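Input: a single structure, listed below in structure tokens.
The values are calculated or read from the model by the stated rules, or taken from the named source; none is laboratory data. Since this is a predicted model, take the numbers as computed values, not measurements. Neighbour counts are summed over all protein chains in view; Cβ atoms, including those assigned to glycine, are modelled from backbone coordinates with ideal geometry.
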Amino acid sequence: MNEMAEKQKLVEIKNLKQYFNIDKPNMVKAVDGITFDIYKGETLGLVGESGCGKSTTGRTIIRLYNATGGEVLFNGENVHGRKSRKELKKFNRKMQMIFQDPYASLNPRMTVADIIAEGIDIHGLAKNNAERMEQVYTLLETVGLNREHANRYPHEFSGGQRQRIGIARALAVKPDFIIADEPISALDVSIQAQVVNLMKKLQEEKGLTYLFIAHDLSMVKYISDRIGVMYFGKIVELADANDLYSNPIHPYTKSLLSAIPLPDPNYERNRKRIIYDPKEHGYSDNEEVKLREIRPGHLVSCSEKEFQEYKSHYS
Amino acid sequence: MEKLLEVKDLEVSFQTYAGEVKAVRGVNFDLYKGETLAIVGESGSGKSVTSQTIMKLIPMPPGKISNGQILFDGEDLVPKTNKEMEKIRGKDIGMIFQDPMTSLNPTMKVGMQIIEVLIKHQNMSKGNAKDRAIELLRLVGIPSPEKRVNQYPHEFSGGMRQRAMIAIALASNPKLLIADEPTTALDVTIQAQILELMKDLQKKMETSIIFITHDLGVVANVADRVAVMYAGKIVETGTVDEIFYNPKHPYTWGLLSSMPSLDSDEKTELMAIPGSPPDLTNPPKGDAFAPRNRYAMKIDFEKEPPMFKISETHYAATWLLHPDAPKVEPPEAVKRRMKNFSSDKLRKG
């Protein structure tokens, strides 16, 4: 991901909106006009606290929800909008999802082989049964399980193993882009590293692009090339992973980073927590608050006035 | 310092259809007055069962305390009947659970749930108890407690519910507070608030805390001492500095190097601990960690290691500490930590 010039946009999200309970008193603007691009072969991390809209963003991109507004371009083509079954199928093959809960996301009545091969069957990727099973066996081995597991049921596996099955299922249709919604938060620490290492290895081997949604910021930093921070349905900061951690600009990012406890007692004794209050910006009604580029590749949500301040401060 | 709790050779097992699960297999630890002991381990390591056994909250049957003593203020809790325990639970020992939604009574006003404790254990009148309940809610940082006291749990957010749980647990000034993953379900900023609150209250009330978690960041933040559990046993115990900057057990090494630190060089692969924890219906012979241990020696598969002493406060159960064992290099991430330990000591010396 170093050759800036070579960067090719795989997914473009433009002013995406996802509202729930529209026109009712309890209307929720879960995703409220976000814009960003995901480049081919990179991992974009999306972090934020519960309710900030990060999972909804992922689910709307893959069209599990119909967007309220805005568009998602995949390889230049709009994912939302009118589509025939055939066109949709084409998208579904290219985009896959890995879910948070490895217990709820696998059908308990299906064998592992049938779970993994479901996509293969739907898209007709195997000519006959022998070929189908051969693909299943290869996938199982790719994710670190073995072929004997094919005829078992999900309940016979541990959480980490189930997450591997979920990854094998996503890989079965040879996607370009995988949305991983908190793929490791339900797993034990020692197992999390196994799954993250596997995801990194697969990305290198198959040139996959990831949108990695999580609230565990140290894991996100580890796996991501760039990170977006969400707050109340909006992206407040988007930057290169290392840059975001070493030079956070938006006060919410600072507050989020200062709240994470690290496994280092000396650091913990001296950690000062920064508290964020959205009122501190003091935006007036006619100020336009949007993502602006403070440094090359470092975007921060701010008003024109703040933009000048940040610029003189941080670049 | 004075000991509040001594757990000796505790063994707990559960009868299941698949056979007897030995969830806790000989656990020993002490807890001093006013300190925080963190118990860390993966799911199934026996950390929650240990704490629930102290409260005698495990269902018996199928659960069984097959051996050991739990001395609380010098008194053994193991032979106590349920009736006797009811006088201790909620009064001398308070507990905070992971999930505040399922551990509060949804049909009862939050205030009433605190008042109940005060009337039962402090013999307060209802009027006094209500005033005290409001005071407690204010103490744990709930805004406008006069209004909140008359609300139901569903009207509270996750963080607020956890605060209410803490208020209930603290209502009777317990000597011991057991917190079982109290912040796992919460967001980091709310987690930070709850941890600050607990530390604050501990200072004011001199409560001893057993803090159960799998989050090593939280451990570094709250603990005075740490016990690392694996497969129903404590494999290493020491002060928080000893565990984080001078760990000796390969399992502790594994835990510490399997998570990225925010300042780590991201291009190095995480040192995952291979495999998964053993099945405790049939615990392996020898050291239970041996099959996942890249430093395992022949003896690890045959004989269980005893606790080796490293310092007055630091013990670890690994054959690597035996005088005849070969010298091994800990993983890079751990070696970097060890540098901190020595420099830390120099500064103090």
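Could you check segment A:291-312 and list, in sequence order, the residues that are touching a residue at least 24 places away in the same chain (Cβ under 8 Å) and over 22 Å from the mean Cα position of the chain (by Cα)?
In the first step, residues of segment A:291-312 are kept if they are touching a residue at least 24 places away in the same chain (Cβ under 8 Å); the result is A:291, A:294-295, A:297-302, A:306, A:310.
A:I294, A:R295, A:C302, A:E306, A:Y310, listed by residue number.
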*Got a number for residues in segment B:308-334 being part of a loop (DSSP other than H, G, I, E, B), small (G, A, S) and closer than 20 Å to B:A272 by Cα?*
0
*Within segment A:238-259, track down each residue that is within 22 Å of A:I178 (Cα to Cα), in contact (Cβ under 8 Å) with a residue 60 or more places away in the chain and more than 9 Å from chain B (Cβ to nearest Cβ).*
A:L238, A:A239
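Between B:G74, B:G41, which is modelled with pLDDT under 90 and either touching an Asp or Glu at 6+ places or on another chain (Cβ under 6 Å) or crowded, with 21+ Cβ neighbours inside 10 Å (or both)? Steps first, answer last, please.
Details: B:G74 fails: either touching an Asp or Glu at 6+ places or on another chain (Cβ under 6 Å) or crowded, with 21+ Cβ neighbours inside 10 Å (or both).
Just one listed residue meets the conditions, B:G41.
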*If the Cβ limit is 6 Å and pairs must be 6+ apart or interchain, which residue in segment B:93-114 that is crowded, with 17+ Cβ neighbours inside 10 Å pairs with which residue that is in a strand (DSSP E or B) and of a type in the set (V, I, T)?*
B:M95/B:I178
*Can you name every residue in segment A:24-53 that is in contact with a helix residue (DSSP H, G or I) (Cβ under 7 Å, 6 or more places away or on another chain) and not in a strand (DSSP E or B)?*
A:G48, A:E49
*Given B:D131, B:D99, B:D73, which one is out of contact with any Cys (no Cβ under 7 Å at 6 or more places or on another chain) and closer than 16 Å to B:L5 by Cα?*
B:D73
*Checking A:K14 against (1) assigned to a strand (DSSP E or B); (2) at pLDDT below 90; (3) not hydroxyl-bearing (S, T, Y), which test does it fail?*
(2)
*Of the numbered conditions (1) under 20 Å from A:R226 (Cα atoms); (2) surrounded by fewer than 19 Cβ atoms within 10 Å (Cβ to Cβ), A:I34 fails exactly one; give the number of that condition.*
(2)
*Counting just the residues of segment B:305-335 that are modelled with pLDDT under 90 and surrounded by 16 or more Cβ atoms within 10 Å (Cβ to Cβ), which one comes out nearest to B:N246 (Cα to Cα)?*
B:V334
*Evaluate the following for A:S50: is it under 30 Å from B:A192 (Cα atoms), among the polar types (S, T, N, Q) and surrounded by fewer than 17 Cβ atoms within 10 Å (Cβ to Cβ)?*
yes
*Breaking point among (1) modelled with pLDDT under 90; (2) more than 7 Å from every other protein chain (Cβ to nearest Cβ), for B:L270*: (2)
*Do you know which residues across segment B:223-263 are within 9 Å of another protein chain (Cβ to nearest Cβ), surrounded by 24 or more Cβ atoms within 10 Å (Cβ to Cβ) and under 14 Å from the mean Cα position of the chain (by Cα)?*
B:A223
_So, A:S218, is that one among the hydroxyl-bearing types (S, T, Y), facing chain B (nearest Cβ under 10 Å), more than 25 Å from B:W253 (Cα to Cα) and surrounded by fewer than 24 Cβ atoms within 10 Å (Cβ to Cβ) or not?_
no
*Could you pull out the residue among A:R93, A:R162, A:R169 that is within 14 Å of chain B (Cβ to nearest Cβ) and surrounded by 14 or more Cβ atoms within 10 Å (Cβ to Cβ)?*
A:R162
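Within segment B:292-307, track down each residue that is touching an Asp or Glu at 6+ places or on another chain (Cβ under 7 Å) and assigned to a loop (DSSP other than H, G, I, E, B). Don't jump to the end; show me each part of the working.
In the first step, residues of segment B:292-307 are kept if they are touching an Asp or Glu at 6+ places or on another chain (Cβ under 7 Å); the result is B:293, B:300, B:304-305.
Those that are touching an Asp or Glu at 6+ places or on another chain (Cβ under 7 Å) and assigned to a loop (DSSP other than H, G, I, E, B): B:N293, B:E304, B:P305.
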*Taking segment A:135-173 as the region of interest, how many residues are assigned to a loop (DSSP other than H, G, I, E, B) and β-branched (V, I, T)?*
2
_Condition check: out of contact with any helix residue (DSSP H, G or I) (no Cβ under 7 Å at 6 or more places or on another chain), within 29 Å of A:S185 (Cβ to Cβ) and in a loop (DSSP other than H, G, I, E, B). Does A:D101 satisfy that?_
yes
_Tell me yes or no: at least one residue of segment A:195-213 is touching a residue at least 60 places away in the same chain (Cβ under 8 Å), within 14 Å of chain B (Cβ to nearest Cβ) and buried (at least 20 other Cβ atoms within 10 Å of the Cβ)._
yes
_Criterion (closer than 18 Å to A:T209 by Cα and either polar (S, T, N, Q) or surrounded by fewer than 17 Cβ atoms within 10 Å (Cβ to Cβ) (or both)) met by exactly one of A:T138, A:T142_ = A:T142
*Which residue, of A:G282, A:G228, is surrounded by 21 or more Cβ atoms within 10 Å (Cβ to Cβ), out of contact with any helix residue (DSSP H, G or I) (no Cβ under 6 Å at 6 or more places or on another chain) and away from chain B (no Cβ under 11 Å)?*
A:G228
*Check B:L177, B:L197 and return the single one that is more than 18 Å from A:A259 (Cβ to Cβ) and touching a Gly at 6+ places or on another chain (Cβ under 9 Å).*
B:L177
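I'd like to check something: does segment A:56-73 contain any residue that is assigned to a strand (DSSP E or B), under 15 Å from A:F177 (Cα atoms) and either β-branched (V, I, T) or touching a residue at least 60 places away in the same chain (Cβ under 8 Å) (or both)?
Yes.
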_If I filter segment B:180-191 for residues that are at pLDDT below 90, in a loop (DSSP other than H, G, I, E, B), surrounded by fewer than 22 Cβ atoms within 10 Å (Cβ to Cβ) and touching a Gly at 6+ places or on another chain (Cβ under 6 Å), do I get at least one hit?_
no
*asked:* I'd like the full set of residues that are within 13 Å of chain A (Cβ to nearest Cβ), in contact (Cβ under 8 Å) with a residue 40 or more places away in the chain and in contact with a Leu (Cβ under 8 Å, 6 or more places away or on another chain), limited to segment B:196-217.
replied: B:F211, B:L216
*Just for segment A:288-303: of the residues that are loosely packed, with under 14 Cβ neighbours inside 10 Å and out of contact with any strand residue (DSSP E or B) (no Cβ under 8 Å at 6 or more places or on another chain), which one is farthest from A:L46 (Cα to Cα)?*
A:E288
*Hey, can you tell me all the residues within segment B:53-65 that are modelled with pLDDT of 90 or more and either small (G, A, S) or in contact with an Asp or Glu (Cβ under 8 Å, 6 or more places away or on another chain) (or both)?*
B:I65
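Would you check which residues across segment B:200-214 are more than 16 Å from B:A167 (Cβ to Cβ) and touching a strand residue (DSSP E or B) at 6+ places or on another chain (Cβ under 8 Å) and list them?
Keep residues of segment B:200-214 that are more than 16 Å from B:A167 (Cβ to Cβ), which gives B:203, B:206, B:208, B:210-214.
Once the filter is applied, which keeps residues that are more than 16 Å from B:A167 (Cβ to Cβ) and touching a strand residue (DSSP E or B) at 6+ places or on another chain (Cβ under 8 Å), segment B:200-214 yields B:S208, B:I210, B:F211, B:I212, B:T213, B:H214.
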